[in-house]
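Working notes, beginning with the structure itself.
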Amino acid sequence: MTRVHDMGGRFGDGPVDPTDRAYPPRAEPWQTRALTLTLAAGATGLWNIDMSRRAREAVDPKDYARFSYYEKWLAGMADLLVETGAVSREELASAGEGLSQCDELDPKALRAEAVPGVLARGGPADRDSAVMPVFSPGDAVMTLRPAANRLVDGGHTRLPAYAAGARGRVLRCHGAHVLPDSNAHGLGEAPEPLYAVAFAASELWAAPEHPRDEVVLDLWQSYLCPA
Amino acid sequence: MAHDDPDHPHALLPPDPALRVRALETVLTRKGLIDPAALDAIIDTYQNRVGPKNGAAVVARAWSDPGFRADLLDDATAAVSGMGFHGRQGEHIVAVENTPEVHNMVVCTLCSCYPWPLLGVPPAWYKSDAYRARAVREPRKVLAEFGVTLPEETAVRVWDSTAEVRYLVLPMRPKGTDGLSEEALAALVGRDAMIGTALASAPEGAA
């Protein structure tokens with residue numbers, strides 16, 4: 001039902017180390033390279049952001065736990081390159097040694113001169129949608145249980161397990177956004193209304209820290225029922 | 001589409017992460033899918049152009065200009081875009097204001113969503129399992145690890161960034177800052193205060 005990345009509320013992780021206050025954050029050169037390579041590869045349009053999250057989450061749980069953060073990104077990128085046919089398993093295995101230098105860039109490649117514009121534009125997720133909003137701020141709603149993709153068994157979803165089957169209230173409507181559960185699997189963007197929904201901590205946790213604490217999640221309309 | 005490939009292609013890469021990056025970069029460059037100069041341009045963007053100073057300028061302006069503060073709370077995407085801050089991982093921004101009644105704090109339990117145009121790339125702790133796992137369940141214990149203790153009457157509202165909306169915490173303006181310029185105010189606003197794991201700093205000389 002759940003995947004290893006879905007760790008909200010988990011016990012046993014120990015303290016947070018907040019000591020890195022400088023900018024840019026501390027990073028090994030390979031980590032910085034992994035970040036930039038991921039952004040440049042993503043800019044080819046071979047996959048979308050939901051697919052890249054799906055690929056990282058689909059890493060074997062043992063690898064996910066063992067990998068450092070950017071290693072997960074590298075694993076997801078390598079798997080997507082093969083899945084989309086952009087790179088063969090053989091080319092990956094030989095680390096590109098058998099390939100000659102290319103004479104010209106692929107039309108999909110992100111060119112250096114385009115970087116500022118591409119980063120400044122980003123990739124907005126809001127869309128026109130035929131799905132009408134059925135909730136308004138203040139409405140009581142209930143999240144689906146279990147937290148799961150209803151289109152693809154075991155597929156990508158953005159409803160964390162800790163917030164499944166919980167009663168909350170709508171704080172705001174963000175308009176219609178691309179539905180990750182569909183887009184991550186190449187099934188289309190299927191935009192629908194997205195809401196910020198507030199849950200009392202006591203609705204989610206056995207031992208909430210404070211009676212008035214809340215957790216807010218952004219949830220798509222199809223994750224919600226009237227409560 | 002097969003969801004779980006038991007024979008993951010990434011396992012074909014070398015075990016050392018640095019060699020793994022190099023292998024991927026070599027393959028992608030030779031296939032013409034990567035312009036190496038573009039990688040340098042991306043690094044330059046996030047090391048020299050975009051970072052927490054952007055967010056601090058937004059907060060300082062909101063503290064100084066009530067009209068801007070109202071615009072920011074109403075439509076932060078438009079308000080910060082007007083200051084030139086927009087783009088990747090900040091396409092949809094919502095600003096949430098700390099008050100004596102509510103302290104806001106941001107996490108992404110499922111991955112590491114973060115408002116890049118305002119804060120740059122995230123620190124390691126934001127992406128750590130410990131922060132992702134614990135911030136939603138025990139935010140006050142996590143805040144204590146950052147040296148923050150809230151008054152009993154202040155509720156904590158944790159925002160779990162599950163969609164493409166990115167949250168900016170607007171910290172409370174510290175006492176003793178009347179008359180300070182926006183530039184001087186911005187210097188009091190650290191990155192962590194805009195994630196909600198710190199408060200804005202008091203000015204030098206203030207109690």
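Here are some notes:
- Subset of region A:121-150 (residues that are crowded, with 16+ Cβ neighbours inside 10 Å, among the aliphatic types (A, V, I, L, M) and assigned to a loop (DSSP other than H, G, I, E, B)): A:125, A:144, A:147, A:148
- Where residue B:110 falls short, out of the listed (1) without any contact (Cβ under 8 Å) to a residue 24 or more places away in the chain; (2) in a loop (DSSP other than H, G, I, E, B); (3) closer than 18 Å to residue A:199 by Cα: (1)
- Residues that are assigned to a loop (DSSP other than H, G, I, E, B), more than 7 Å from chain B (Cβ to nearest Cβ) and among the small types (Gly, Ala, Ser), drawn from region A:34-67: A:43, A:45
- Test set (1) more than 8 Å from chain B (Cβ to nearest Cβ); (2) under 16 Å from the mean Cα position of the chain (by Cα) - residue A:22 fails condition number: (2)
- Some residue of region B:167-175 being charged (D, E, K, R) and either at positive phi or not assigned by TED's automatic domain parsing to the domain that holds residue B:64 (or both): no
- Residue match in region A:152-165 (condition: away from chain B (no Cβ under 11 Å), open to solvent by less than 60 Å² (accessible area, probe 1.4 Å) and free of Cβ contacts under 8 Å to residues at least 60 places away in the same chain): yes
- Looking across region B:20-56, just one residue is charged (D, E, K, R), open to solvent by less than 50 Å² (accessible area, probe 1.4 Å) and within 27 Å of the chain's Cα centre (by Cα), and that is B:44.
- Spans of helices (runs of 4 or more DSSP H) in region B:26-90 with at least 1 residues in the same structural domain as residue B:166 (by TED's automatic domain parsing): B:52-64, B:66-74, B:76-81
- Filter result for residue B:126 (more than 7 Å from chain A (Cβ to nearest Cβ), aromatic (Phe, Trp, Tyr) and assigned to a strand (DSSP E or B)): no
- Screening residue B:105 on (1) outside any helix (DSSP H, G or I); (2) farther than 17 Å from residue B:196 by Cβ; (3) open to solvent by less than 40 Å² (accessible area, probe 1.4 Å); (4) of a type in the set (A, V, I, L, M, F, W, C) shows it passes everything except condition (2).
- Here residue A:149 fulfils each of the conditions (1) over 20 Å from residue B:159 (Cβ atoms); (2) out of contact with any Ser or Thr (no Cβ under 6 Å at 6 or more places or on another chain); (3) within 12 Å of chain B (Cβ to nearest Cβ) apart from (2).
- Residues considered: A:119, A:105. Of these, the only one that is in contact with a helix residue (DSSP H, G or I) (Cβ under 7 Å, 6 or more places away or on another chain) and of a type in the set (A, V, I, L, M, F, W, C) is A:119.
The values are calculated or read from the model by the stated rules, or taken from the named source; none is laboratory data. All values derive from a computational prediction rather than experimental measurement. Please note: Cβ atoms are built from the backbone with ideal geometry, for glycine as well, and neighbour counts cover all protein chains shown. Ligands, DNA and RNA are excluded from the accessible area calculation, which covers all protein heavy atoms including side chains. Shrake-Rupley method; radii C 1.70, N 1.55, O 1.52, S 1.80 Å.
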